[in-house]
1. Arrange the residues H81, H486, H390 by how much accessible surface each exposes, largest first, with a 1.4 angstrom probe.
2. Looking at the range 341-404, what % of its DSSP beta bridges pair antiparallel, to the nearest 5?
3. Averaging sequence separations of C-alpha pairs under 8 Å and six or more residues apart, then dividing by the length of the chain, give the relative contact order as a whole percent.
4. Can you give the Kirkwood hydrodynamic radius for the chain, in Å, rounded to one decimal and based on Cα pairs?
5. Charges at C-beta only: +1 for Lys and Arg, -1 for Asp and Glu. How large is the resulting dipole of the chain about its Cα centre, in Debye rounded to 20?
6. Apply the a/c threshold of 1.5 to the C-alpha gyration tensor of the range 35-112 and tell me whether it is rounded, prolate or oblate.
7. Normalised by the number of residues in the range 245-357, what is the relative contact order in percent for Cα pairs under 8 Å and 6+ residues apart?
8. Can you work out the FRET efficiency for the pair Q460 and A299, with r the C-beta to C-beta distance and R0 = 22 Å, to the nearest 0.05?
Amino acid sequence: MTKTTIVIFGGTGDLAQRKLIPALYNLRRKRRVNDEVNVVGFARARHDDDSYRDLLREGARDLGGLKAAPEEWTEFAHCMHYVCGDLGDAAAFEELGRKLTEVEGTGGANRLFYFAIAPSLHRLAAEGLRDAGLTTEESGWRRVIIEKPFGKDEESARELNRALHNVFREDQTFRIDHYLGKETVQNLLVLRFGNAIFEPLWNRNYVDNVQVTVSEAVDVEGRAGYYDASGVVRDMIQNHLMQLMCLVAMEPPDSLAPESVRDRKGDLLRAVRRWTPEEFRQHAVRAQYEGYVDEPGVAPGSVTPTYAALRLYVDNWRWQGVPFYLRSGKAMEGKVSEIIIQFKSPPLSMFERLGGSGFAPNILSICVQPDEGIHLQIDSKAVDAGFITHPVDLNFHYKDELRFGQELPEAYERLLEDAMEGDASLFIRADQIEEAWNIVDPLLKCWESPEASAPETYGQGTWGPSGSARLLREDGFLWQTLCGGH
Ligand code: BG6
C-alpha cells in the first residue's frame, strides 16, 4: 500500500474515539495497514497533535474498549495529527492543506476523507475540500466515506448525492453502513451462495415469512439531540435493516464484484412493494419507550418513535406473497440482531408433539449479534416416547471457531480496509440510498403528519409494544427467536 492519509471530519467525536481509532489500531497490529497510513483529525475543539493523541487514547480505551499495550499505542499514536477549524471557514481548509503537505511530504499520498459529521455538514465539507484544491488526484486517489444517516428523506438524499457528485465521482464515494462490515452479515452471502442446500428452498414455495429483528438494550445514550429529530426509521430501518433484508432476499449475483452485488441489492429494493401513508397504518406499528420524553435533549411532547415494526412484501417471482417483518427498538430487554427464515410446515401431520399439536416450523436463524452464529430448528423424536416429537436446535457459534486470543473483527476494520483498497462491495450506491428512502418516506409521512395518533408506549427493558405481536398474529405468525430474543 502506498502512503495514505485518513482525514476524519468530526475527528474528536464519538465515532472516531469509539470505532475508527480502535479499528485502525487493530488493523495496524494485524499488519493489515502499515506505518504509511496517517490520520489527520479535523474538528472545532482546540488541540495540538499531542493533546489530540491523549484524547484518542482515553476515548479508544474508555468508549471503544481498546486494550492497547502502552508501548504499542505510543508507536501507533505517531500517525495521528490534528487541525482545528470550522467547516465554513476557507482558512481552516488552507490550514488542513498545510498539515497534509507536512504529513505527506512532497511526494503526496492517497487521501481518504471520512465524514463523521452531521448530515447537514456533508456538503460544506465536500465543497470546502474542493475549493481548497485538496481533492485533485494528481498525487494519489481521493475517496470519501460518508456516515449514515445519508439525508433525512428521499429528496434530501438526492440533493446530497447531486452535491457530492459535483466534488467526488460515484466510484470515489463510499456510503457506509457498518452492519455490512459485520462478519455474520457477510456470512449471509456465504450461507446463501456457498452452499447448495438452501437455494432450492429460498423462495415462496418453502418460506412462510422472514423476520429481521435489531433490538438494543441501550436507550438514546445522551444522543437525544440527533435521535429526537431522526427516530428509529431513519436511524435503523432505512439503512441497517433494509440492508439485511437485501442480503437475505436478493437474487444471486454473478460474482462478488462490487457492481454485481450492488445491482442485485438495487433490484431487490426496487421490487419492495410501496405502501402509501394510509396503507402503512395497517402495516406498521410505532412506539416510544416510557420515560423517553424526560431524556435530556428530547423535545417536550415528542412523538419520535424509538421502536418500529413493519410488514413489507417483495413483488417478484421469488417472494410474491411472503411477508417480511422488520422491527427495531431501543431500551429493550436485550441486544439481539437476528434474521429468521421460517419455513412452511409439512403438508401432513403424522406425529404427536410434546405438549401440543401441530408443528414447530423449521426455522433458520442467523444470529448477527451478540452470539454470532447460525441455528436451524428441526423437529425430532423425543427420547423413548413413541413418535412424539419436539423441536431441536442444530447450531454453529462463531466463538467456537476462534483460535486462542482471536476475536471477531469490528465492522469498521473491514470497511476501512475495503475503502482503502477501493472495494465498494460493502458500501451503498447512490441509487440504493434513494430507493430505501423511497420505501420508508410514506411511513415517515404517515407518522409525522399532524393527524397521526400518538405512538404506543412500552416499558423499558421489555420486548416492545403489544401492537408488534398483533402485526404478525394477523397473518397467523409469531415473532421467533433462536438466539435469545423474544
Ligand atoms: C447506529 C445507530 O447506526 O447503530 C445507533 O445510529 C445504534 O442508534 C447502532 O445504537 C447499533 O449498532 P450495533 O453495531 O451496536 O448494533
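The values are calculated or read from the model by the stated rules, or taken from the named source; none is laboratory data. In this text, all values refer to a predicted model and were calculated from it rather than measured experimentally. Cβ coordinates were reconstructed from backbone atoms using ideal geometry, including for glycine residues, and neighbour counts include every protein chain displayed. Side chains included, ligands, DNA and RNA excluded: accessible areas come from the protein's heavy atoms. Shrake-Rupley method; radii C 1.70, N 1.55, O 1.52, S 1.80 Å.
1. Of H81, H486, H390, the descending order of accessible area is H486, H390, H81.
2. Given both bridge residues lie in the range 341-404, the antiparallel proportion sits at roughly 85 percent.
3. Working: 864 pairs, mean separation 81.4, N = 486.
It comes to 17 percent, rounded to a whole number.
4. Result for the chain, one decimal place: 24.1 Å.
5. In total the dipole reaches around 720 debye.
6. oblate
7. After rounding, I find 17 percent.
8. My answer for the efficiency is 0.70.
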